[in-house]
Amino acid sequence: MSKQVLDPVTLEIIQHGFVAAADEMKINLMRTSYNPIIYEVLDFSVGLFDSQGQIISQASGLPIFLGNLGEAIKTVIRDIGLDNFAEGDIYMINDTYTSGTHLNDMTVISPVFYQKDLVGFTASRAHWLDMGSKDPGGWSPDATEIYQEGLRFRSIQLYDAGEENNSVMRILKDNVRMSESVMGDLRAQIAAGRTGERRFQHILSKFGPETVLEALDEMMAEGEKTAEAAIAEMPDGNYQAEAFLDDDGVAMDNLPVKVQITIAGDRMTIDLEGSSPQTTGPVNCGLAATISAIRVAFKAVTTPFAPVNEGHFAPIEIKVPEDCMFNAKKPAPSGVYGLPLMTLCDVIFKALADAIPDRIPASHYADVCAIFLFGEDPRTGNPYLHVEPEGGGWGACPNRDGENVMIAIADGDTRNIPVEVIENRYPYRIERYALRTDSGGPGRYRGGLGHYRDYLPLDHDPSLTTTQERSKCPPWGLHGGQEADYNTLIVNPGTDQEEQIQKCAAKPLQEGDLISVRTGGGGGYGNPHDRPVAEVKADVIKGYVSAEAAREDYGVAIDPETCEIDRDKTAELRDMS
Amino acid sequence: MSKKFQLGIDIGGTFTDFVFIDEATGEVQLDKTPTTPENLWEGIAAGIKSSDYDLSDCSLLAHGTTIGLNAFLERKGGKMALITTRGFRDVYEIGRHNRVEMYDLFYQKPKPLISREYRFEVTERLDANGDVIEPLVEEEVLEIIKQLKENEIESVAVCFLHSYLNPDHEERVRMMLEKHCPEIFTTISSELVREWREYERTSTTAINAYIKPVVKNFLDQISQEFENRGYQHSFYVNQSSGGLISANLAREKPVNTIMSGPAGGAVASAKIGELLDEDNIISFDMGGTSCDVSLTYEGITSVTVESKIEEHPVMVPMVEVHSIGAGGGSIAWLNENSRLKVGPQSAGAEPGPVCYDRGGQDITVTDANLLLGRLDPDRFLGGRMSLNQEKAAAIIDKKLADPLGLSQTEAAAGIIKVINTKMAHAIRALTVERGLHPNEFTLVAFGGAGPLHACEMAEEMEIPRVVIPVASGQFSALGIGLSELRQDFSRPVIRPLKAVEIADVNQVLDGLQQEANDIFSRQGIGPEELNTELAADLRYLGQEYTVTVPITGDRDELKAEWQELGSKFDDFHHRIYGHSAEGEPKELINLRLKATAEVSQVKLEKHQDEGEKPPAEAYLGELETYFAGEDRYLASNCYRRELLKPGNRISGPAIIEEFGSTAVLSPDWQLEVDSFGNLIFSRKE
């Protein structure tokens, strides 16, 4: 069928118009939300979708929401029926088994109408502080059923043709902690949806629905073509890799994450056969979230800079076994669903390391090392909940060292919370925020460093929930590079009460207990003995690498005081290898 | 001759522009000299010397400069150290740990300007109220000072946690540094930014410290030279946010002037918009080295405190400018696949384009314009410079046309097409990519090369109207010469709105007023000459981002107005974000005071309409000019802009020459001279 080709300028303006609309939704949500996880950490995503729930454009924020926002819309469409939407309707959904995420990620969806026709949807998803789980904030690593993780909504109508559904609002308000914050964030999401709706309609009225639809088709086709071309460049073949997670927090250890990739021409198949069965503890992911993570990895190795639309993902086929931690079935818990996804991304990269060696770095710290601190703020008497993702080291690249302290692959434009903001908002003093010497994997190119971030509770006894993964399978190196230090948390380091924690739920702590988060580094790339002595010396001067590690790992004898190199000893150390 | 005048100077990458404004008549005299990068003063001196003005009659001297920006971009700043709170020297390296290109596995964060071994920690600590928990340990500072000297550190940035609430520790460190090592430049964060977010504040402080030695040396040198030539008043520098500050302040806070030149142009364009009743303006400034685009939408020129320069956060107010390496001096070259590329390298002022005949061997955009008959070789810079057309023709054949198998005209036209496409992308980034169509805007085109390309840009972007403002070749300099002094002050006052005592507000506002008075009196301005505007930053309790609500009434009636502030905030919130929460508790975050003072005595005046027909003496003859839309040369009438009168109309194709720039009017366009002397281009009916 021959199609009339749109002129490239109009096409470009329409495409950018949709991207700008999503960006505007993002800014609106970020600027009016009540919750640092949204306004500082940017743990949310917004987008515009066509009437089938296909992505038209999505604003940056959390890449892991890259596929499952559309799944959420498709679920609402299935539940409600395309003919039953009215202008001014708003729905919410956080159902793990259809939209993929844990219950704290709430998606707010509105249909968009133009001249009485349903033309598409806007959606925003944001991490709410609390959903009424057994412990404040959810994320409990000891949960065994989803019912412990909070309220689950599927396709629930918040607004009926512009009329607020008071009953639902009351249910929400009465069943979540910190309800002012939650309701404020809901308000911000509703407003962001309205912004998206207005922009969507503006574009339609400017160019006419026919032109816009045609432009959308063309955008999707273009996305598909670009992705196909990127796959075609990769050598055909079967590739596989495996890693494992420490445990599910409850009953199962050493959970395999296994990936088999087949590249044939311009098609790619990704199969998770051999990965862990569904777990007792909450490290399960809904299928939609799994697809999302695979899309993130796929995009990173194919078209990292192109604006996202559904077309980019047409050439991949995804296979996930029925009984699998990556295909959660009711009532499996999934509060910590993000953890396995980051390892899944890294395993996909590892599988492709031989196929496209110049495009794959060594493994990164692969966790967000999240901490949840809660209790009663002694300054106000009100309950508080502080949630924060932590950055860590990234893997060394084929031509340079890995980056120090950046956020994990599943989280993208996600930021830390400034120390000054934390100390204003919560009863804590941050005692240290510093790079963790020797945490990067040694290599010709060194892996990036993780950090120390030390929290001291003030004038009250808080509780701690945390997950620090991959202690038994630390970030790996590539092509002779070595593994990095792993993620961990230590309470009261260097004292008699020192305690190492990898996972805990609502653990009571005391005033004055120092909580030291220590994130892992990235793996090294190439043989560390090939690293030029001058670069090792510079690392010691800067304190990225200690003199001992320079000797042990890099075969460089260096005086810790003067940083002078012992040339003979160095030659000897390097000869031995 | 002794007539009072004001002088605006804009030092660009290629040319230094001068605008002498007669204080009595408002008449402007323009000049342009090649920028002398090795010693910028030489270019300035040449311009002042060649004028018939005497600096002792100058009542106001203001300038815009890219010296700080260039020092940063070219990493030519001083050798640096950071002093910060114990436990936090890596804040500057860790940043916000986000990945802007979130699917890019090879994303790199901005590299700190200060290497880790020169980031020092001292024992000191404030809490979130600004109260001292651990006093500053001065012995440690002394120990650091020793190391600064050993390592020959030139400039130090000091940034402590929570110093935005209490600058005492930072100020004490500064005093110690000034006492023990006065030769080292010092910048403390609290003198630049009084807002939280330690990484952004550290980055801003570090950039200031980094460019300070270069900027200070330069300002010292030129103010001495001005003084030697009889200039008796304060000398001003344009800020990145628009508005002037004294050179003294600019020496201390050069980061405030980092986008000095581009801001001058943006603000001047917005002023033209006001004169013409145009709310939507694209400001298009194309000089020798770069093209700067900025936007005024619905009357508001975007200013932000969340700017980034090469991903480095800068927490001071700045006009949003999109800048690309595209100018008259941009070099045309062939890549390994024999594709024609233009820029971003520029031939600069030395050696300049081939046609300048100063030894340049690289064909530039200016050479292409000359070869296409858009510039008259004998009338460049008012005839002060003649252009060597033969040489440009020979080199374009050899380097571009022959290897590409194109005619000379095709090669030259190709250069123009490539550079125009690049600039169109810059305009798109600010309009289309934000969902705004350029056809809602008026293009204000200036800079030495802007008017040459404006009509074609407008055609490509469907922009209906183009304005070539008065003094278009030196428009930024004109804007700067007519600017007001401006300073913005703020203080954090973080508490529930309901709990705010009006007496406390008054006390803080008095403090801000005092600060404004002090800073302005250091610039020779008395309190009675100050115009102040007050505002409060509010948010709903629990939110982070604030909305700035103006406080417009009389200070005596502040109490009454204060009671209305909450509902005013609801209105503003609703207007900006489309929702509000009337009943919810609100929080006060900052009080703000913006102080301005008129220093310019000149107002641009309207002149009488003198009929459609241009005066005979304005007509210069014909040029054979190539137009891409027609793909052929057409005879174009040439006019001398300075002799055109308000009301004159000209039909394209035409070439309008003025000192410092040349405008091309395409065949489908016409122009009218408005009552201020601006050229207004529009499509023929």
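Among the residues of the range B:611-630, write down those that are small (Gly, Ala, Ser) and under 35 Å from the mean Cα position of the chain (by Cα).
B:Ala618, B:Ala628, B:Gly629 - these are the residues of the range B:611-630 that are small (Gly, Ala, Ser) and under 35 Å from the mean Cα position of the chain (by Cα).
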Looking only at the range B:111-120, and only at residues there that are more than 9 Å from chain A (Cβ to nearest Cβ) and surrounded by 16 or more Cβ atoms within 10 Å (Cβ to Cβ), the one that is nearest to B:Ile207 (Cα to Cα): B:Leu113
Total residues in the range A:274-323, condition under 20 Å from A:Ala353 (Cβ atoms), out of contact with any strand residue (DSSP E or B) (no Cβ under 9 Å at 6 or more places or on another chain), touching a residue at least 40 places away in the same chain (Cβ under 8 Å) and not in a helix (DSSP H, G or I): 1
Qualifying residue in the range A:457-468 (condition: closer than 25 Å to B:Glu93 by Cα, away from every other protein chain (no Cβ under 14 Å) and assigned to a strand (DSSP E or B)): no
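Rundown of residues vs (1) within 14 Å of chain A (Cβ to nearest Cβ); (2) over 31 Å from the mean Cα position of the chain (by Cα), yes/no style:
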| position | (1), (2) |
| --- | --- |
| B:Gly526 | no, no |
| B:Ile551 | no, no |
| B:Trp562 | no, yes |
| B:Leu565 | no, yes |
| B:Asp571 | no, yes |
| B:Arg575 | yes, no |
| B:Glu587 | yes, yes |
| B:Ala595 | no, no |
| B:Val602 | no, no |
Selection count where residues are assigned to a strand (DSSP E or B), in contact with a Phe, Trp or Tyr (Cβ under 6 Å, 6 or more places away or on another chain) and within 20 Å of A:Ser292 (Cα to Cα), scope the range A:236-273: 2
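Anything in the range A:545-559 that is assigned to a loop (DSSP other than H, G, I, E, B) and either away from chain B (no Cβ under 14 Å) or surrounded by 23 or more Cβ atoms within 10 Å (Cβ to Cβ) (or both)? List them, or say none.
A:Val545, A:Gly555, A:Val556, A:Ala557, A:Asp559
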1 or more residues among the acidic types (Asp, Glu), more than 14 Å from chain B (Cβ to nearest Cβ) and closer than 23 Å to A:Asp377 by Cβ: qualifying helices (runs of 4 or more DSSP H) within the range A:124-235: A:166-175
Condition broken by A:Lys350, with the remaining ones in (1) under 17 Å from A:Tyr525 (Cβ atoms); (2) modelled with pLDDT of 95 or more; (3) within 10 Å of chain B (Cβ to nearest Cβ) satisfied: (3)
B:Ile331 being among the β-branched types (Val, Ile, Thr) and more than 17 Å from the chain's Cα centre (by Cα): yes
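Might you let me know whether the range A:24-41 holds any residue that is in a loop (DSSP other than H, G, I, E, B) and more than 11 Å from chain B (Cβ to nearest Cβ)? Break it down into steps so the answer makes sense when it comes.
Start the filter on the range A:24-41 by keeping residues that are in a loop (DSSP other than H, G, I, E, B), which leaves A:33-35, A:40-41.
Applying the additional criterion that residues be more than 11 Å from chain B (Cβ to nearest Cβ) yields none.
No; the residues of the range A:24-41 include none that is in a loop (DSSP other than H, G, I, E, B) and more than 11 Å from chain B (Cβ to nearest Cβ).
What do you reckon, is A:Gly196 of a type outside the set (D, E, K, R), within 24 Å of the chain's Cα centre (by Cα) and modelled with pLDDT of 90 or more? Walk me through how you get there before you give the answer.
Details: of a type outside the set (D, E, K, R): yes; within 24 Å of the chain's Cα centre (by Cα): yes; modelled with pLDDT of 90 or more: yes.
So A:Gly196 passes the test.
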Number of the exception - B:Asn98 against (1) buried (at least 16 other Cβ atoms within 10 Å of the Cβ); (2) in contact with a Phe, Trp or Tyr (Cβ under 8 Å, 6 or more places away or on another chain): (2)
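With the condition being closer than 29 Å to B:Val342 by Cα, touching an Asp or Glu at 6+ places or on another chain (Cβ under 7 Å) and at pLDDT below 90, I'd like the strands (runs of 3 or more DSSP E) fully within the range B:216-305 carrying at least 2 qualifying residues. Reasoning before the result, please.
Numbers: elements: B:235-238, B:244-246, B:281-286, B:291-297.
Here the list is empty.
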Residue within the range A:489-502 that is buried (at least 17 other Cβ atoms within 10 Å of the Cβ) and touching a residue at least 60 places away in the same chain (Cβ under 8 Å) present: yes
Residue list for the range B:133-164, restricted to those being surrounded by 14 or more Cβ atoms within 10 Å (Cβ to Cβ), farther than 17 Å from A:Tyr433 by Cα and aliphatic (A, V, I, L, M): B:Leu136, B:Val141, B:Ile144, B:Ile145, B:Leu148, B:Ile153, B:Val156, B:Ala157, B:Val158
Helices (runs of 4 or more DSSP H) within the range B:336-453 that include 2 or more residues crowded, with 24+ Cβ neighbours inside 10 Å and either among the hydroxyl-bearing types (Ser, Thr, Tyr) or touching a residue at least 60 places away in the same chain (Cβ under 8 Å) (or both): B:365-371, B:408-430
Qualifying positions in the range A:81-107 - of a type outside the set (Ser, Thr, Tyr), within 18 Å of A:Ser51 (Cβ to Cβ) and assigned to a strand (DSSP E or B): A:Ile90, A:Ile93
Qualifying residues in the range B:44-58 (those that are touching a Phe, Trp or Tyr at 6+ places or on another chain (Cβ under 8 Å) and buried (at least 17 other Cβ atoms within 10 Å of the Cβ)) - the one farthest from B:Val599 (Cα to Cα): B:Gly47
Test: residue in the range B:68-76 that is without any contact (Cβ under 8 Å) to a residue 60 or more places away in the chain, in contact with a Ser or Thr (Cβ under 9 Å, 6 or more places away or on another chain), in a helix (DSSP H, G or I) and surrounded by fewer than 22 Cβ atoms within 10 Å (Cβ to Cβ): no
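The values are calculated or read from the model by the stated rules, or taken from the named source; none is laboratory data. Computed from a prediction, not measured in an experiment: that's the story for all the values here. Ideal geometry is used to build each Cβ from the backbone, glycine not excepted, and the neighbour counts take in all protein chains shown.
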